[in-house]
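**Q** Quick one: the structure is below, and I'll ask about it shortly.
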Amino acid sequence: MTVNTQLRWREKISYGIADMGFNFYWTNVATFLLIFYTDVFGISAAAAASMMFTIKIINAFTDPMIGGLADRTNTRWGKFRPYLIWVPLPLACAAFLTYTTPDLSEDGKIVWAYGTYLAMMVCYTGINIPYNALSGVLSPDPQERSIVNGLRFIFAFAGGTIVTAATPSLVHWLGGGNDKLGWQLTMLVWSGFASVLFVFTFLNTRERVAPPPEQKTNVWQDIHDLSQNRPWVALFFLALIIMITITLRTSSAAYYFKYVVNRPDLMAAFLPAYMLAAAAGASLTPVMTRFVDKKKLMIILMSITAVLSSAFFFVPRDQIWLMFALQIGMGLALGPKSPLAFSMYADTADYNEWRTGRRATAMTFAAATFSQKLGTAIAVAVIGWLFTQLGYVANAAQNAGSQAGIVWLMSFIPAFFALIAVAVMFMYDLDNNKLLQIQKDLEARKS
C-alpha cells in the first residue's frame with residue numbers, strides 16, 4: 001500500500017509551530033544564560049563557562065539514550081508524538097529553577113547551577129529529539145520534508161525574535177527592578193507559552209513512516225549503523241561546526257554591545273534583526289532546493305557566512321547601521337541551513353534503511369543533536385577561556401585585550417569555523433537523483 005506523501009497545510013503548520021516553543025527555551029539559553037550567570041546569578045565567567053561546558057557534554061551523551069528509547073516507544077499515538085505531552089511540565093519546572101537565584105555562597109550557587117541546568121537540558125532533550133524525529137515520519141517525500149522543515153524554522157526564528165526582543169523588557173517589568181525575580185518570572189512565562197504549542201502539535205500531526213515490521217535491533221546496532229553512514233557522519237560534523245559558529249556570535253553579542261559599543265540597548269533590536277532575516281531565509285529553502293542540490297546550497301551559504309562574519313571585524317564602533325546590515329546578511333545566509341540540515345538528516349535515515357534494512361529515525365536525529373550540543377559546549381568554553389585569559393571583569397569597563405577578544409568572537413573566529421563547515425560538506429554524497437532511487441526502492445520493498 002502506497003503512503004500518501006502529500007501533507008495538508010494544517011499539519012505542516014501544526015508541526016512547525018512547536019519549534020517556536022523550543023526557541024522560547026533555546027534562544028534564552030544561547031543568548032542570555034551566560035550573561036545571567038555572570039551578571040545576575042553571581043558566579044565568575046570561568047565557573048559559568050566550565051559548568052555549561054560540562055553539562056553540555058553530559059547531556060550530549062544522554063541524547064542517544066533518549067533517541068534509542070523513542071525509537072522503541074510504541075503507543076496508539078505513535079512513537080514520537082507522545083513526548084510532546086509527557087515532558088512539557090518537567091521541562092517548565094526545571095527551567096524555572098535554572099533561572100532562580102538562591103541565597104547561597106558562590107560554591108553553593110555553582111552546585112545549584114550544575115543541578116538545575118542539567119535537569120533542564122535533559123528534559124529539553126527528552127521532548128526535542130522525538131520532535132525532530134517526527135519530521136522524518138510525517139512523509140517519505142524529501143521535498144515535503146524540506147517544506148515542513150522550512151516552515152518549522154520560520155516559526156523557530158520567529159520565536160527567537162520574540163525572545164531576544166521581549167526578554168530584557170519582561171525581566172525589567174516582571175521584576176520591578178529586581179533582576180533576580182525578573183529572570184525567574186520571565187522564564188515561567190516562556191515555559192507556559194511553549195507548553196501550549198507542544199500540545200497543539202501533538203493534537204494536529206500524524207506519523208506515517210514506520211520501520212520494517214520485522215526489525216529488531218539494539219541501541220548499539222543503531223549507533224554502529226550510523227557510524228557506517230557516510231552522509232550522516234558528514235552532517236554530524238557539520239552540525240557541530242555550525243553550532244560553534246552561531247553560538248560564538250550570539251553569546252558574544254550581549255558583551256559586544258555592552259562593553260565595546262557601549263549601547264546595551266541595541267541588543268533588543270540586533271538579534272531580532274538576525275532572527276527575522278533568518279526566518280526569511282528559511283522560508284525560501286523549499287524554493288531553492290527545487291533548483292539547487294542541498295549539498296551545493298549548503299556550501300554556498302556557509303561561504304557567504306564566512307565572508308560576512310570576517311567583515312564584521314572592520315566595522316567602526318559608531319557604524320551601527322553597518323553592524324545591522326552584516327547581521328541581517330548573515331541571517332539570510334544562515335536561515336536556510338537549519339531546514340536544509342534537518343531535511344538531510346531525514347534523508348540519511350532513509351539511506352540507512354535502504355542500505356541495511358533497518359531504520360532508527362530518532363537515533364539519527366539524537367546523534368545529530370549530540371553534535372549540536374557538543375558544538376555549543378565548545379563555543380561557550382572558548383568564550384569563557386578567552387574572557388579569563390584577557391581579564392574580563394563583570395559589570396566594569398573592559399581593558400583593550402578584553403574588548404579585542406569580544407570583537408574577534410564576533411568576526412574572525414566564527415568565520416574560521418564557517419570555512420571548516422564548507423570543507424566538511426564535500427563528504428556528503430546524497431544528491432537528488434540518488435534520493436529518488438532510494439525512495440523508489442524502499443516503496444518497492446514495502447509493496
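The values are calculated or read from the model by the stated rules, or taken from the named source; none is laboratory data. None of these values were measured; they are calculated from a predicted model. A quick note on method: Cβ atoms are made from the backbone with ideal geometry, for glycine too, and the neighbour counts reach across all protein chains shown. Accessible surface is based on the protein model in full, side chains and every heavy atom, while ligands, DNA and RNA are left aside. Shrake-Rupley method; radii C 1.70, N 1.55, O 1.52, S 1.80 Å.
**Q** Relative contact order for region 331-447: what is it in percent, counting Cα pairs under 8 Å that are at least 6 residues apart?
**A** That works out to 26 percent.
**Q** Would you calculate a helix-derived [θ] at 222 nm for the chain, using -39,500 (n - 2.57) for each DSSP H run of n ≥ 4 and dividing by the full residue count, to the nearest 500?
**A** Rounded to the nearest 500, it is -25000 deg cm²/dmol.
**Q** When ranked by the protection proxy of mean other Cβ atoms within 10 Å per residue, highest first, what sequence do the peptides 190-201, 90-101 form?
**A** 90-101, 190-201
**Q** Given springs between every Cα pair under 10 Å in a Gaussian network model of the chain, which of Ala166, Ala379, Ala367 has the largest fluctuation?
**A** Ala166
**Q** Related question: Could you compute how much accessible surface Tyr259 exposes when probed at 1.4 Å, giving the result in Å² to the nearest 10?
**A** Tyr259 exposes around 20 Å² with every protein chain in place.
**Q** I've got another one for you. Does anyone have the angle between helix 337-356 and the longest principal axis of the chain? Alpha-carbon axes, 0 to 90°, nearest 10?
**A** Tilt relative to the chain: about 40 degrees.
**Q** Ordering Asp429, Asp107, Asp141, Asp347 by how much accessible area each has at a 1.4 Å probe, largest first, what is the list?
**A** Greatest to least solvent exposure: Asp107, Asp429, Asp141, Asp347.
**Q** Next question, about the same structure. What's the center-to-center distance, using Cα atoms, between region 24-61 and region 332-386 in Å?
**A** When both Cα centres are located, 21 Å separates them.
**Q** For the chain, what's the relative contact order in percent, using C-alpha pairs closer than 8 Å and at least 6 residues apart?
**A** Computed over the chain, the figure is 28 percent.
**Q** Out of the trypsin sites (Lys or Arg not before Pro) in region 181-254, which ones are loop residues according to DSSP with at most 10 other C-beta atoms within 10 Å?
**A** Listed in order of number, the matching sites are Lys216.
**Q** Tell me the volume per residue, in Å³, of the convex hull enclosing the alpha carbons of region 10-136.
**A** Once divided by residue count, the hull of region 10-136 is 103 Å³.
**Q** What are the lysines whose alpha-carbon lies under 24 Å from the alpha-carbon of Lys440, with same-chain residues fewer than 8 places away excluded?
**A** Straight-line reach from Lys440, under 24 Å: Lys12, Lys216, Lys294, Lys295, Lys296.
**Q** Still on this model: Compare the peptides 72-81, 121-130 by average per-residue count of other Cβ atoms within 10 angstrom and give them in order, highest first.
**A** Taking the mean over residues of other Cβ atoms within 10 Å, the ranking is 121-130, 72-81.
**Q** Can you give me the solvent accessible area of Tyr117 with a 1.4 Å probe, rounded to the nearest 10 Å²?
**A** Spelled out: Tyr117, probe radius 1.4 Å, area about 0 Å².
**Q** Ratio to report: Rg/Rh of region 72-158, with Cα atoms as the point set and Rh obtained by the Kirkwood method; give two decimals.
**A** In region 72-158, Rg relative to Rh is 1.13.
**Q** To continue, here is another question. For the chain, modelled as a Gaussian network with Cα springs under 10 Å, which listed residue fluctuates most, Leu188, Leu203, Leu436?
**A** Leu436
**Q** When the Karplus curve 6.51 cos²θ - 1.76 cosθ + 1.60 is applied with θ = phi - 60°, which whole-Hz ³J(HN,Hα) does each residue of region 137-143 get, with x for Gly and Pro?
**A** After applying 6.51 cos²θ - 1.76 cosθ + 1.60, I find 10, 5, 7, x, 7, x, 5 Hz.
**Q** So what does the Cα-only Debye profile of the chain read at q = 0.09 Å⁻¹, as log10 I(q)/I(0), no solvent term?
**A** With one equal scatterer per Cα and no solvent, log10 I(q)/I(0) is -0.54.
**Q** Would you tell me the accessible area of Leu118, worked out with a 1.4 angstrom probe on the heavy atoms of the protein chains, in Å² to the nearest 10?
**A** Using a 1.4 Å probe on the heavy atoms, I get roughly 50 Å².
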